[in-house]
């Protein structure tokens, strides 16, 4: 891999990790794991305001983690790849194992 490509990939990796470094955005990703949802559905499920949900979704869209699709006047959000869920789940497993070794709580559920 060329040095320029490696630097660009590293920068993108950091931007994605920053986007995932928010509890609300992780909950949104979890909501989207089974398919598309509207901002209203996400806000209701997470018990947050629609403007708050919209801000988080806009950042996830900007980072390429979610995509949008309009159906009439409703905009639906979908994960761009199931690999996002796999990455989040893998990190959760790693943390749960680490906490288990240190006698902490189980994060698997």
Between (1) 1.04; (2) 0.92; (3) 1.19, the structure-derived Rg/Rh (Cα atoms, Kirkwood Rh) is (1)
How long, wide and thick is segment 48-96, going by the Cα atoms along their three principal axes, in whole angstroms, largest first? 40, 22, 15
Estimated inter-spin distance, residue 36 and residue 61, nm [label 7 Å along Cα→Cβ]: 1.3 nm
When the chain is modelled as a GNM with alpha-carbon springs shorter than 10 Å, which of 34, 98, 22 fluctuates the most? 98
Summing -39500 (n - 2.57) over the DSSP H runs of n ≥ 4 in the chain and dividing by its residue number, what mean residue ellipticity at 222 nm do you reach, to the nearest 500 deg cm²/dmol? -20500 deg cm²/dmol
Virtual spin-label span in nm between residue 90 and residue 26, 7 Å along Cα→Cβ: 1.7 nm
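Each reported figure results from applying straightforward, stated rules to the coordinates on display, with no laboratory input. Keep in mind the model is a prediction, meaning the values are calculated, not measured. Positions of Cβ are generated from backbone atoms using ideal geometry, with glycine treated the same way; all protein chains shown enter the neighbour counts.
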